[in-house]
Amino acid sequence: QVQLVESGGGLVQAGGSLRLSCTDAGRTVGTYPMGWFRQAPGKEREFLAAITSSGSSTFYTDSAKGRFTISRDNADTVYLQMNSLKPEDTAVYYCAADSDGDYTMPMSWQFWGQGTQVTVSS
């Protein structure tokens with residue numbers, strides 16, 4: 001049973017950094033691709049980054065390239081390092097596991113965490 005739990009969100013000033021973590025309490029995601037999305041109020045859920053099960057390949061949306069880095073350890077945790085944060089990065093950030101198709105599409109992912117709030121002040 002996949003049980004994703006995000007952590008690491010919070011309030012940060014513009015230009016600051018945060019590292020989000022996503023851990024699977026069921027300890028099964030080691031074999032799945034993993035992804036990060038975010039959703040701001042009134043907006044659709046937006047793809048940010050994905051990483052293959054082996055960790056050998058990563059994928060980013062244009063808005064995340066150069067500022068965000070996805071990584072995973074050998075166990076069941078995936079990270080999203082976020083640098084040079086901007087007020088427009090304010091959103092709830094979600095991790096997802098096990099995509100069966102287009103990583104950028106929320107519908108392709110099977111499992112989701114509850115989300116962690118990131119607020120960037122100007």
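The values are calculated or read from the model by the stated rules, or taken from the named source; none is laboratory data. Since the model is a prediction, treat every value here as computed from it, not as a measurement. Reconstructed Cβ throughout: ideal geometry from the backbone, glycine too, with neighbour counts over all protein chains shown. Surface areas here come from the heavy atoms of the whole protein model, side chains and all, with no ligands, DNA or RNA. Shrake-Rupley method; radii C 1.70, N 1.55, O 1.52, S 1.80 Å.
Tabulated data for the structure shown
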{"item": "Relative contact order for the chain, counting Cα pairs under 8 Å that sit 6 or more residues apart, in percent", "result": "35"}
{"item": "Accessible area of the chain belonging to carbon and sulfur atoms, whole % at 1.4 Å probe", "result": "47"}
{"item": "Cut-off 12 Å between beta-carbons: net charge of the residues surrounding residue 31, Lys and Arg +1, Asp and Glu -1", "result": "-1"}
{"item": "Computed magnitude of the charge dipole of the chain (debye, nearest 20; Cβ of K, R +1, Cβ of D, E -1)", "result": "300"}
{"item": "Separation of alpha-carbon centers, the stretch 2-57 and the stretch 92-115, rounded to whole Å", "result": "9"}
{"item": "Equivalent ellipsoid dimensions for the chain as semi-axes, Å, which come from the Cα gyration tensor, largest first", "result": "22, 14, 14"}
{"item": "Cα-based convex hull, the stretch 1-53, per residue volume (Å³, whole number)", "result": "110"}
{"item": "Difference of contour (0.36 nm per residue) and Cα-Cα distance, residue 114 to residue 53", "result": "19.8 nm"}
{"item": "Additional length obtainable on full extension of the chain from residue 107 to residue 62, 0.36 nm per residue less Cα span", "result": "14.2 nm"}
{"item": "Amide H contacts under 5 Å for residue 16, placed H, 5+ residues apart", "result": "85"}
{"item": "Estimated distance in nm for a label pair at residue 25 and residue 40, the labels positioned 7 Å out from Cα along Cα-to-Cβ", "result": "3.1"}
